[in-house]
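Chemist: Provided herewith is a single structure, encoded as structure tokens, for subsequent inquiry.
Taken together, the values in this text are just the output of simple stated rules run on the coordinates, not laboratory data. Values in this document were obtained by computation on a predicted structure and should not be read as measured data. Note that each Cβ is placed from the backbone with ideal geometry, even for glycine, and that neighbours are counted across all protein chains shown.
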Amino acid sequence: MEHYVGLDVSLKLTAICIVDQTGKIVREGMVPSDPEAIASFIQSHAPHVARVGLETGATATWLWSELTELGLPAICIDARHAKAALKMQINKNDRNDAAGIARIMQCGWYKQVHVKDRGSHAIKALLASRALLVKLKRDLENQIRGLLKNLGLVIGRAKMNVFARRAAELLENRPDLAAAALPLLRAREAVDQQIADLDGKVLRLARRSAHVRQFMTVPGIGAITALCFLATINDPTRFKRSRSVGAYAGLTARGYASGETDWTGRISKCGDTMLRSYLYEAANVLLTRVAKWSALKAWGLRLAKRSGLRKAKVAVARKLAVVLHRMWMDGTDFRWSSQEAPQQAA
């Protein structure tokens, strides 16, 4: 008889529930949140296990990878989907949640989440660290601007090293204000140095990846956006159609239809926030800064005239996701004109 296992994971303990083919509970227990302890419990009480389910969470990648290496058929499911089924329970606790996940595995009413490999997580960690440092630098600059503006001292537009030099000039002969602002300037300088170091690591990763170099042939796509797309998608074959990548990045409109009601709302904003923001920035660069003409830019500008620049940027961002995935699958570079393919074929 096949068994189905549900795991409700917390940082210290994991609730385990084993059910049979009819949904009857065979065994329950609490073990430390350690892959070997979990695997030992399952293997001793469910020798014919068919599926082991766990929700997405902070430790889901680690547990899924370790349990898979230990030979268990681990399946990661979306926590939002699981919540929709588990909220029917009157009492919510770890034991009931584990039983609910086990029955989700038993009836097959779930959508499996793709778990990225450790290399992709390492790239995303690098990009997340850089994004945090960039935000800290911006916050420090805004704080310094606010301190100086209170006394009528305006730095104005400043790029690169101009900000620090301009702030130092304004702080001359003002020791009271310098006591508050100079530590922030030194912290900004240290953060800026760390950002430069991370930028060097990003560029080295980009040079070593043929896919990233391929993505960077698209106008508006730089090393950071290309690496983020590579790490987030991880395996392009999991999408049957390239246009599904736009929905995966949360760049497609929500829809609601029931009876006579049928409306289309704003974009869903599901999926990876970092990838979505970088694709939007790339679309902005393509429409406003890239001078060279392309069929994609022409399409975006036509849309901007009809629906506004903001909506056009979102649409171009979705299109960029689709184009990048198609390039990845076909192994081709970006086509600046729709006429390039027939010319090449001739």
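Chemist: Through the Karplus equation 6.51 cos²θ - 1.76 cosθ + 1.60, θ set to phi - 60°, convert the phi angles of region 35-52 into ³J(HN,Hα) values in whole Hz; use x for Gly and Pro.
Modeler: Values, residue by residue: x, 5, 5, 5, 5, 5, 5, 5, 5, 7, 10, 9, x, 10, 5, 9, 8, 10 Hz.
Chemist: Another question about this same structure. Tally Lys/Arg at +1 and Asp/Glu at -1 over every other residue whose Cβ is under 10 Å from the Cβ of Asp8; what's the total?
Modeler: Counting the neighbours of Asp8, the net charge comes to -2.
Chemist: How many percent of DSSP beta bridges within the chain run antiparallel, rounded to 5?
Modeler: 70
Chemist: Next question. Let me know the Rg and Dmax you get for the chain when you use only its Cα atoms, in Å.
Modeler: 25.7, 83
Chemist: Roughly what percent of Cα-Cα pairs across region 48-200 reach past 17 Å?
Modeler: Numbers: 8346 of 11628 pairs.
The proportion of pairs with Cα distances above 17 Å equals 72 percent.
Chemist: Using the Karplus curve 6.51 cos²θ - 1.76 cosθ + 1.60 with θ = phi - 60°, work out ³J(HN,Hα) for each residue of region 316-325 in order, rounded to whole Hz, and write x for Gly and Pro.
Modeler: With the stated coefficients, region 316-325 comes to 5, 4, 5, 5, 4, 4, 5, 5, 4, 5 Hz.
Chemist: Figure the gain on full extension for Asn161 and Arg208 (residue separation times 0.36 nm, minus the Cα-Cα span) and round it to one decimal in nm.
Modeler: Full extension of this stretch gives 13.9 nm more.
Chemist: What is the Rg over Rh value, at two decimals, for region 194-346, using alpha-carbon atoms and the Kirkwood definition of Rh? All intermediate terms of the calculation are to be shown ahead of the outcome.
Modeler: On the way: Rg = 16.5 Å, Rh = 16.5 Å.
Reported Rg/Rh (Cα atoms, Kirkwood Rh): 1.00.
Chemist: How far is it, in nm, from the label point at Lys12 to the one at Ala257 when both lie 7 Å from their Cα along the line to the Cβ?
Modeler: Distance between the two pseudo-spin positions: 5.1 nm.
Chemist: Could you identify which residue out of Ile16, Ile155, Ile77 has the top mean-square fluctuation in a GNM of the chain using Cα springs shorter than 10 Å?
Modeler: Ile155
Chemist: Now a separate question. Using the 2.2 N^0.38 Å rule of thumb for compact globular proteins, work out how region 226-301 stacks up: its C-alpha Rg over that value, please.
Modeler: 1.32
Chemist: Grab every C-alpha pair in region 37-113, bin the distances at 5 angstrom width from 0 up to the longest one, and report whole percents.
Modeler: P(r) over region 37-113, rounded to whole percents: 3, 15, 27, 26, 19, 8, 1, 0.
Chemist: Let me ask something else about it. Modelled label-to-label distance, Gln143 and Arg174, 7 Å Cα→beta-carbon offset: nm?
Modeler: Between Gln143 and Arg174, the label points sit 1.7 nm apart.
Chemist: Out of every Cα-Cα pair in region 8-137, what percent are more than 24 Å apart?
Modeler: Tail fraction, whole percent: 31.
Chemist: Here's another thing I want to ask about it. Can you tell me the relative contact order of the chain? Whole percent, Cα pairs under 8 Å, sequence separation 6 or more.
Modeler: It comes to 12 percent, rounded to a whole number.
Chemist: Say we join alpha carbon atoms closer than 10 Å with springs in a Gaussian network model of the chain; which of Gly100, Gly152, Gly23 then has the biggest fluctuation?
Modeler: The residue that fluctuates most here is Gly152.
Chemist: For region 131-222, state the semi-axes of the equivalent ellipsoid (square roots of 5 times the eigenvalues of the alpha-carbon gyration tensor), sorted largest first and rounded to whole angstrom.
Modeler: Here the semi-axes work out to 35, 13, 10 Å.
Chemist: Another one. Need the C-alpha centroid separation for region 26-44 versus region 234-252, integer Å.
Modeler: 35
Chemist: In region 220-250, whose amide N lies under 11 Å from the spot 7 Å out along Cα-to-Cβ of Asp78? List them in ranges.
Modeler: Only 248-250 pass the distance filter.
Chemist: OK, next. Show me the ranking of peptides 204-216, 248-260, 3-15 by mean Cβ neighbours inside 10 Å, starting with the highest.
Modeler: Going by the mean number of other Cβ atoms within 10 Å, highest first, we get 3-15, 204-216, 248-260.
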